[in-house]
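> Let me begin by handing over the structure; questions about it come next.
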Amino acid sequence: MDNCRGARTAVIVGAGVAGLTAATALARDGWQVEIAEAAPPGATSGWGLCLTGPSLRALDELGLADACLAEGYGMSTITHVDVHGEPAGEVRLPRLLGGRRPAMVGIARPVLHRILHAEAARRGVLVRHGMTVSAADQEGELVRVRWSDGTVRRVALLVGADGIRSSVRGLLGLDTSVDFHGQMVWRALVPRPPWATGIQQFAGKTDTAGLVPLSDRRSYVFLTENGVERSVLPDAELAPRLQQLLAAFPGRVEEIRSQVSGSESVVRRPVLTALLGGAWNRGGCVVIGDAAHAPAPQMASGAALAVEDGLVLARELGRHESVGAGLRAFVGRRARRCRTLVETSVAIAGLEQAQRHPEAHLLVDSCHRLMAEPT
């Protein structure tokens, strides 16, 4: 990796969706890539996520969309249910891979990460676990990167793909706030009911809930708890408390609620967002994914932005003679789109808390259609 000046070498911090996608896209274009990942092998956070149309479109370019569709659960609709348990409309999502493939896929995080890791490894990417980067200094055309074990690399590119609390963002002096929006989101893995063939979202008098299929057998239930402070509850209290919150919903939610006690795990996380208002890059260094633009989960599109970032980053670096010019072009292409998604997700969170559910549904629909436009 410590090659001659101008060599296409890169260090990426973070082996999540953004980091692995960027690594694969760069390696496909001939870059030598190493990833520093703080977590041990096989560690993932959360049960599942949605790969919306833009995610699948980008993954299809990398040859990975069909693998995700085969191991996840394909779907094309979001069904909204009102506070009385009655249908309140359906959002039909754009099918960006043609009429024969679904608009999106629900997929377990460990499954997605296995697919992304396997493709990165096939492309020659080396992932070093238990490792991060402690310093980054521009030295002419190269970046001098110090790993947490003291190892030094001189590379053409450093990518921070290390999440909303990015350490690389801090190393580069790219300051932004991490904002809490008065909501805590609960998730639990449950069996998939036969009637759940797309995302189901239930409006409550105080909170919102929903169900996302992950496979023929499994799904995850989510509940967005409104108007609460950030807090941490003991693990033993999570399942009983989630069941209590779900008891406020009529209809089919009762069937879901009865499965929560048998869930392998229940998680509860604050709704946080972050958005870099200026540059995302310094010299040959850049941050991508949640490190640059972390949306609230209401649009289920954080993974879409992360996957797109990795692909567009490789494209722009391939189109420009210098890394700096490629990074500036990358940020120029991505900033407005990502800002729109983050700001829309925050607006939807506000509408949910104000119990203005029909307006939230319309905003979800319009934003998905906007995201369907080319990157």
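The values are calculated or read from the model by the stated rules, or taken from the named source; none is laboratory data. Source: prediction; values computed, not measured. All Cβ positions, even for glycine, are placed from backbone atoms using ideal geometry, and neighbour counts span all protein chains on display.
> If I filter segment 214-270 down to residues being of a type in the set (A, V, I, L, M) and touching a helix residue (DSSP H, G or I) at 6+ places or on another chain (Cβ under 6 Å), which single residue comes out as surrounded by the most Cβ atoms within 10 Å (Cβ to Cβ)?
Of all residues in segment 214-270, those of a type in the set (A, V, I, L, M) come to 214, 221, 223, 228, 232-233, 236, 238-239, 242, 245-248, 253, 256, 260, 266-267.
From what's left, touching a helix residue (DSSP H, G or I) at 6+ places or on another chain (Cβ under 6 Å): 221, 223, 239, 242, 246, 253, 260, 266.
Numbers: Val221: 26, Leu223: 28, Ala239: 17, Leu242: 26, Leu246: 22, Val253: 22, Val260: 23, Val266: 23.
Among residues in segment 214-270 that are of a type in the set (A, V, I, L, M) and touching a helix residue (DSSP H, G or I) at 6+ places or on another chain (Cβ under 6 Å), the one surrounded by the most Cβ atoms within 10 Å (Cβ to Cβ) is Leu223.
> Against the condition out of contact with any helix residue (DSSP H, G or I) (no Cβ under 6 Å at 6 or more places or on another chain), among the hydrophobic types (A, V, I, L, M, F, W, C), part of a strand (DSSP E or B) and at pLDDT 95 or above, how does Val168 come out, does it pass? Outline the logic, then answer.
On the way: out of contact with any helix residue (DSSP H, G or I) (no Cβ under 6 Å at 6 or more places or on another chain): yes; among the hydrophobic types (A, V, I, L, M, F, W, C): yes; part of a strand (DSSP E or B): no; at pLDDT 95 or above: yes.
Criteria not met by Val168.
> Follow-up. Which of (1) in contact with a strand residue (DSSP E or B) (Cβ under 9 Å, 6 or more places away or on another chain); (2) touching a residue at least 12 places away in the same chain (Cβ under 8 Å) does Ala43 not meet, given it meets every other one?
Among (1) in contact with a strand residue (DSSP E or B) (Cβ under 9 Å, 6 or more places away or on another chain); (2) touching a residue at least 12 places away in the same chain (Cβ under 8 Å), Ala43 violates only (2).
> Of all the residues that make up segment 354-375, how many are buried (at least 18 other Cβ atoms within 10 Å of the Cβ) and not β-branched (Val, Ile, Thr)? Full working, then the answer.
So the first thing to find is which residues in segment 354-375 are buried (at least 18 other Cβ atoms within 10 Å of the Cβ), and the list is 357, 360-361, 363-364, 367-368, 371.
Those left that are additionally not β-branched (Val, Ile, Thr): 357, 360-361, 363, 367-368, 371.
So the answer is 7.
> For segment 192-206, give me the residue count where each residue is without any contact (Cβ under 8 Å) to a residue 60 or more places away in the chain and under 23 Å from the mean Cα position of the chain (by Cα).
Residues flagged as without any contact (Cβ under 8 Å) to a residue 60 or more places away in the chain and under 23 Å from the mean Cα position of the chain (by Cα) within segment 192-206 amount to 1.
> Continuing with the same structure: Checking Lys205 against (1) within 17 Å of Val81 (Cβ to Cβ); (2) part of a strand (DSSP E or B), which single condition isn't satisfied?
The failed condition is (2).
> Scanning segment 142-155 for residues that are touching a Lys or Arg at 6+ places or on another chain (Cβ under 6 Å) and surrounded by 15 or more Cβ atoms within 10 Å (Cβ to Cβ), which turns out nearest to Gln32 (Cα to Cα)? Reasoning before the result, please.
The initial filter retains those residues of segment 142-155 that are touching a Lys or Arg at 6+ places or on another chain (Cβ under 6 Å), namely 142, 144-145, 152, 154.
Now narrow it down to the ones that are surrounded by 15 or more Cβ atoms within 10 Å (Cβ to Cβ): 142, 144-145, 154.
Numbers: Leu142: 14, Arg144: 16, Val145: 15, Arg154: 12 Å.
Filtering segment 142-155 for residues that are touching a Lys or Arg at 6+ places or on another chain (Cβ under 6 Å) and surrounded by 15 or more Cβ atoms within 10 Å (Cβ to Cβ), the one nearest to Gln32 (Cα to Cα) comes out as Arg154.
> Before we move on, is Arg328 of a type in the set (D, E, K, R), closer than 19 Å to Val17 by Cβ, surrounded by 15 or more Cβ atoms within 10 Å (Cβ to Cβ) and touching a residue at least 24 places away in the same chain (Cβ under 8 Å)?
On the way: of a type in the set (D, E, K, R): yes; closer than 19 Å to Val17 by Cβ: no; surrounded by 15 or more Cβ atoms within 10 Å (Cβ to Cβ): yes; touching a residue at least 24 places away in the same chain (Cβ under 8 Å): yes.
No, not satisfied.
> Okay, next question. For residues in segment 128-141 being in contact (Cβ under 8 Å) with a residue 40 or more places away in the chain and of a type in the set (A, V, I, L, M, F, W, C), which is surrounded by the fewest Cβ atoms within 10 Å (Cβ to Cβ)? Spell out the reasoning first.
The first filter runs over segment 128-141 and keeps only residues in contact (Cβ under 8 Å) with a residue 40 or more places away in the chain, leaving 128-133, 136, 138, 140-141.
Restricting the remaining residues to those that are of a type in the set (A, V, I, L, M, F, W, C) gives 131, 133, 136.
Working: Met131: 18, Val133: 25, Ala136: 22.
Of everything passing the filter in segment 128-141, Met131 is surrounded by the fewest Cβ atoms within 10 Å (Cβ to Cβ).
> Moving on. Part of a strand (DSSP E or B) and either under 21 Å from Thr206 (Cβ atoms) or at pLDDT 95 or above (or both) - does that describe any residue in segment 318-337? Before you say what the answer is, go through the steps one by one.
In the first step, residues of segment 318-337 are kept if they are part of a strand (DSSP E or B); the result is none.
Checking segment 318-337: not a single residue is part of a strand (DSSP E or B) and either under 21 Å from Thr206 (Cβ atoms) or at pLDDT 95 or above (or both).
> State all residues of segment 254-282 that are over 22 Å from the mean Cα position of the chain (by Cα) and at pLDDT below 95; if no residue qualifies, say none. Even if it seems obvious, please write down each step before you answer.
Applying the first criterion (over 22 Å from the mean Cα position of the chain (by Cα)) to segment 254-282 yields 254-264, 282.
Within segment 254-282, Glu254, Glu255, Ile256, Arg257, Ser258, Gln259, Val260, Ser261, Gly262, Ser263, Glu264 qualify.
> Right, next: Keeping to segment 208-245, report how many residues are assigned to a strand (DSSP E or B) and either in contact with a Ser or Thr (Cβ under 9 Å, 6 or more places away or on another chain) or under 24 Å from Pro358 (Cα atoms) (or both). So that I can check it myself, show each step before the final result.
Just the residues of segment 208-245 that are assigned to a strand (DSSP E or B), to begin with: 208-213, 218-226.
With either in contact with a Ser or Thr (Cβ under 9 Å, 6 or more places away or on another chain) or under 24 Å from Pro358 (Cα atoms) (or both) added as a condition, the list becomes 208-213, 220-226.
Adding up the residues that qualify gives 13.
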